[in-house]
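Trainee: Take a look at this one; I'll ask things after.
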Amino acid sequence: MMAEIFLPASNVKKIRGNVAELFIDPITRIEGHLALRAEIDVQKRKPKDTWVSATMFRGFEVFMRGRAPEDAIALSSRVCGVCGASHANAATIATDMALGAVPTELGVVLRNLAFVMTDHIYDHSIILNLLGGPDYSEVVVKKLTPDCWARAETTEAKYSHIHGYRKIADIMRDLNPIVGKIWQLTVKYQRIAREAGVLLYGRHSHPSTLVPGGISTDLSAGNYLLEEYTFRLVKLTAWVKFVTSIWMDIADFYNEQCDYMKQGMTYPKPTFYSPGLMDDPEIYSQMGDNYVDIYKAFDEAAMNRGTPSGLYIGGEKVSDKPSDMQRNVVELIDGSFYAPWKGNGKPPITEDPAGKPLVGGNEELAWFHPWNKTTIPKPTDLNWGSKYSWAATVRLYWNGKLYPFEVGPIARMFVTAHSNLKGWVEKAGGAIKHGGGKIEVTLPASRDVEDLPKGTWEEVTLTYHAPPFSTTIERVRARAFAMSVDIVEAWTNVLVALDYINHGKSKASRPWKEPAFSYGYGQLEAPRGNVEHWIVVKDARIANYQIHAPTTQNVGPKGPKDELKRYCSNDAWITRSPEGYCMSPFEAAAYNTVVTEEVPPQEWNGLDYVRAIRSFDPCIACAAHLEFTDNKKVVKTVKKMLTNACSL
């Protein structure tokens, strides 16, 4: 039956002449709090300008200073109640480097096995079916875009032999929140994924077993742990076939029938970064025992991950090496609620541990590299023409210019599809092939998963073709296909872990050190894209710590502005605001979105815009920490701010 769900009134605040102002605050069904403002040409149904505002401040980078470096793992996981393991893993890699210790081969594999479940399989299931899914459900599509719904009722599903739905409309009915079968199954299977991860992490969403140099999982019954993990992996293999095939059909339908080929495009020429995922146990475990050697070896490790690393600018691959990316990334605050920290002369750190200059040797910009950044919050009134977000503007310095770039599952799938690097999973016999712009995976048979269609019980081969650019629906497709890649990689890691244990390799960790000085970074693919942590250690304490969640790189305000505007690349393919500022992916996607709602402008809800934003799976913040003062005396501290979550 069709769910009785309230769809809110219009989000158009006013119409002045030919321009409608759409304002959605908060955008719900995401992690954290985010606002969208768009000035839309009523006749063209396309924005004249867009703004995206992150409305919460976390402050983790501030209160981590002065702590023991190993504390960064537990503290940073609290950045998010959904993807806590992503930050914990980035912090673990950063402290591996800074504290001069890497895990054994078994330790690397156990980290892989835990992380692929919590966060990847669990998180992707939720964003696709519970958070983003309602945007493509019967209750929304039928009311706001009835012509699209009519075509869904007559369009045959191409992957019906796997997921069991005959028509696209049948899928949409089961995406209805609460009452839909897909929605209900997601609640069950995301839990199974978390159970698998917790076998190794001890708990979720804040792992208790990750430590610098390894993982402290009790392996006294290692074979039993892997047996319990595999029992869940079998069920999740069938589940992922079901989910991937559903969203492959939805994506094809929207491109072919509902004019979504360019909806939510970020840039017409792909500008992507992916650090890769699933470390090679033989390579990562041998990187060294000090921060310099580990830093120098990290590029090779990332290039041999199950899905390898890569950086594309303007549709061209410019590097496979994570060090090239991290060394040249900057964080600007022209449009953000922070005070400047730049000093006079040279910044504290001017080169990486390998001796290469930061930000191309440009001392002016090197101050904005995360190793030199100091987080100084400075709240002010929101001003759409100046400062309007708690997110900073992240840019990449390349050949003398600053570029926006996009991260996320679509970046990972695009990089993998075009990469000439063969990851260790494929070398080890994993059922994945890639190159030439496509990825092919074969998921093994998974019998007798009784609440899923029999088509999911059989061995299934799926193929992904990388799109020419990132759009709303292609970001959704990439997320769904990434789940199938993750399952193939999980099976390979299980077999390798069993082999290690059966050959007596039961040690997972090595002791870390307490250096007087060191610095490093940790970087890997989270469900939402590249997550990156930078650390500086002095006298065995954290002197500086900076965090880039995937959303940090995608959500930033327009920029650079002011005196740094001259560094903004003038390439024609970069999406720009009317003032000529480079747009980050969120704002660019909204700017390139056309209203498809079949109602008058005064009744627009903003469906296409929230679809564009949710396709990134935003993760803004878990809580705000604010102090209310009277005569400089703290009278009240608010640890969590909750806002209305009932709008579209």
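Trainee: Which one of these is under 30 Å from Leu219 (Cβ atoms) and surrounded by fewer than 22 Cβ atoms within 10 Å (Cβ to Cβ): Ala516, Ala526, Ala540?
Mentor: Ala540
Trainee: If I ask for residues that are within 30 Å of Val496 (Cβ to Cβ) and either within 22 Å of the chain's Cα centre (by Cα) or crowded, with 24+ Cβ neighbours inside 10 Å (or both), which ones from the range 264-290 would you list?
Mentor: Across the range 264-290, the qualifying residues are Phe272, Tyr273, Ser274, Pro275, Gly276, Leu277, Met278, Asp279, Asp280, Pro281, Tyr284.
Trainee: Right, here's the next one. Any idea which of Leu75, Leu110 is of a type outside the set (Ser, Thr, Tyr), within 28 Å of Trp424 (Cβ to Cβ) and under 24 Å from the mean Cα position of the chain (by Cα)?
Mentor: Just a single option satisfies the conditions, and that option is Leu110.
A quick yes/no check of all residues on (1) part of a helix (DSSP H, G or I); (2) surrounded by fewer than 20 Cβ atoms within 10 Å (Cβ to Cβ):
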position: Asp147; (1), (2): yes, yes
position: Glu153; (1), (2): yes, yes
position: Tyr165; (1), (2): no, no
position: Asp170; (1), (2): yes, yes
position: Pro177; (1), (2): no, yes
position: Leu185; (1), (2): yes, yes
position: Ala196; (1), (2): yes, no
position: Leu200; (1), (2): yes, no
position: Arg203; (1), (2): no, yes
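Trainee: Within the range 226-275, how many residues turn out to be part of a helix (DSSP H, G or I), among the aliphatic types (A, V, I, L, M) and closer than 22 Å to Arg528 by Cβ?
Mentor: Qualifying residue count, the range 226-275: 7.
Trainee: In the list Ile535, Ile542, Ile547, which residue meets the criterion of being within 18 Å of the chain's Cα centre (by Cα) and of a type outside the set (Asp, Glu)?
Mentor: Ile547
Table: residues versus (1) farther than 30 Å from Gln286 by Cβ; (2) buried (at least 24 other Cβ atoms within 10 Å of the Cβ); (3) touching a helix residue (DSSP H, G or I) at 6+ places or on another chain (Cβ under 8 Å).
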residue	(1), (2), (3)
Gly214	no, yes, yes
Ala221	no, no, no
Leu225	no, no, yes
Phe231	yes, no, no
Val240	yes, yes, yes
Val243	yes, yes, yes
Ile246	yes, yes, yes
Gln257	yes, no, yes
Lys262	yes, no, no
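For (1) part of a strand (DSSP E or B); (2) in contact with a Phe, Trp or Tyr (Cβ under 9 Å, 6 or more places away or on another chain); (3) at pLDDT below 95, each residue gets a yes or a no:
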residue: Gly385; (1), (2), (3): no, no, yes
residue: Arg412; (1), (2), (3): no, yes, no
residue: Val415; (1), (2), (3): no, yes, no
residue: Val441; (1), (2), (3): yes, yes, no
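Trainee: Ok, one more. Could you tell me whether Gly345 is at pLDDT below 95, more than 25 Å from the chain's Cα centre (by Cα), surrounded by fewer than 20 Cβ atoms within 10 Å (Cβ to Cβ) and at positive phi?
Mentor: In short, yes.
Trainee: Kindly evaluate Tyr500 against the criterion of being buried (at least 17 other Cβ atoms within 10 Å of the Cβ) and more than 25 Å from Val243 (Cα to Cα).
Mentor: yes
Trainee: Output the residue which, of all residues in the range 132-163 that are hydrophobic (A, V, I, L, M, F, W, C) and over 20 Å from Ser245 (Cβ atoms), is farthest from the chain's Cα centre (by Cα).
Mentor: Ala150
Trainee: On to the next question. Could you please find all residues in the range 384-397 being within 20 Å of Ala54 (Cα to Cα), over 21 Å from the mean Cα position of the chain (by Cα) and surrounded by 17 or more Cβ atoms within 10 Å (Cβ to Cβ)?
Mentor: Lys387, Tyr388
Trainee: Being farther than 28 Å from Ala297 by Cβ and in a loop (DSSP other than H, G, I, E, B) is the filter here; which residues of the range 368-383 pass it?
Mentor: Within the range 368-383, Thr374, Thr375, Ile376, Lys378, Pro379, Thr380, Asp381, Leu382, Asn383 qualify.
Trainee: Using the structure shown, decide if Asp334 is touching a residue at least 12 places away in the same chain (Cβ under 8 Å), in a loop (DSSP other than H, G, I, E, B) and of a type in the set (Asp, Glu).
Mentor: Taking the combined requirement at face value, the residue satisfies it.
Trainee: Looking at the range 351-383, which of its residues are surrounded by fewer than 17 Cβ atoms within 10 Å (Cβ to Cβ) and either touching an Asp or Glu at 6+ places or on another chain (Cβ under 7 Å) or of a type in the set (A, V, I, L, M, F, W, C) (or both)?
Mentor: Listed by number, the residues that qualify are Ala354, Pro357, Ile376, Leu382.
Trainee: Go through the range 450-485 residue by residue and tally those that are part of a helix (DSSP H, G or I) and either surrounded by fewer than 24 Cβ atoms within 10 Å (Cβ to Cβ) or polar (S, T, N, Q) (or both).
Mentor: Summing the residues that are part of a helix (DSSP H, G or I) and either surrounded by fewer than 24 Cβ atoms within 10 Å (Cβ to Cβ) or polar (S, T, N, Q) (or both) in the range 450-485 gives 5.
Trainee: Is the range 505-523 home to any residue that is touching a strand residue (DSSP E or B) at 6+ places or on another chain (Cβ under 7 Å), of a type outside the set (A, V, I, L, M) and closer than 30 Å to Leu462 by Cα?
Mentor: Yes, there is a match, as at least one residue in the range 505-523 is touching a strand residue (DSSP E or B) at 6+ places or on another chain (Cβ under 7 Å), of a type outside the set (A, V, I, L, M) and closer than 30 Å to Leu462 by Cα.
Trainee: For the range 570-581, what are the residues that are within 18 Å of Thr471 (Cα to Cα) and in contact (Cβ under 8 Å) with a residue 12 or more places away in the chain?
Mentor: Those that are within 18 Å of Thr471 (Cα to Cα) and in contact (Cβ under 8 Å) with a residue 12 or more places away in the chain: Trp573, Ile574, Thr575.
Trainee: I would also like to ask the following. Could we say that Glu458 is at pLDDT 95 or above, among the charged types (D, E, K, R) and under 19 Å from the mean Cα position of the chain (by Cα) here?
Mentor: Answer is no for this residue.
Trainee: Which pairs turn up if I take residues in the range 535-562 that are acidic (Asp, Glu) and look for partners that are modelled with pLDDT under 95 with beta carbon separation below 6 Å, at least 6 apart in sequence or on another chain?
Mentor: Close Cβ pairs (under 6 Å, with a partner that is modelled with pLDDT under 95) amount to Asp562/Asp334.
Trainee: Right, another one. Which condition number in (1) assigned to a loop (DSSP other than H, G, I, E, B); (2) at pLDDT 95 or above is the one that Asp218 fails?
Mentor: (2)
Trainee: In the range 296-323, what residues are surrounded by fewer than 22 Cβ atoms within 10 Å (Cβ to Cβ), over 20 Å from the mean Cα position of the chain (by Cα) and of a type outside the set (Val, Ile, Thr)?
Mentor: Lys296, Ala297, Asp299, Glu300, Gly314, Gly315, Glu316, Lys317, Ser319
Trainee: Which numbered condition trips up Arg447, out of (1) over 24 Å from the mean Cα position of the chain (by Cα); (2) among the basic types (Lys, Arg); (3) in a helix (DSSP H, G or I)?
Mentor: (3)
Trainee: If you check every pair at least six apart or on different chains, which have Cβ atoms under 6 Å apart with a residue in the range 500-528 that is over 28 Å from Pro353 (Cβ atoms) first and a residue that is among the aliphatic types (A, V, I, L, M) and in a loop (DSSP other than H, G, I, E, B) second?
Mentor: Pairs that qualify, where the first residue is over 28 Å from Pro353 (Cβ atoms) and the partner is among the aliphatic types (A, V, I, L, M) and in a loop (DSSP other than H, G, I, E, B), are Ser506/Leu219.
Trainee: For the subset of the range 17-46 comprising residues that are part of a loop (DSSP other than H, G, I, E, B) and among the hydrophobic types (A, V, I, L, M, F, W, C), which member is surrounded by the fewest Cβ atoms within 10 Å (Cβ to Cβ)?
Mentor: My answer is Val42.
Trainee: With the condition kept exactly as written, say whether any residue in the range 609-619 is modelled with pLDDT under 95 and in contact with a His (Cβ under 7 Å, 6 or more places away or on another chain).
Mentor: No, that holds for no residue.
Trainee: Applying the selection to the range 398-410, what residues are crowded, with 22+ Cβ neighbours inside 10 Å, part of a strand (DSSP E or B) and of a type outside the set (A, V, I, L, M)?
Mentor: Scanning the range 398-410 gives a single hit, Glu406.
Trainee: Follow-up. Within 24 Å of Tyr229 (Cα to Cα) and of a type in the set (Lys, Arg): does that describe Arg111?
Mentor: Spelling it out, Arg111 is indeed within 24 Å of Tyr229 (Cα to Cα) and of a type in the set (Lys, Arg).
The values are calculated or read from the model by the stated rules, or taken from the named source; none is laboratory data. Quick caveat, the model's predicted, so the values are computed rather than measured. Positions of Cβ are generated from backbone atoms using ideal geometry, with glycine treated the same way; all protein chains shown enter the neighbour counts.
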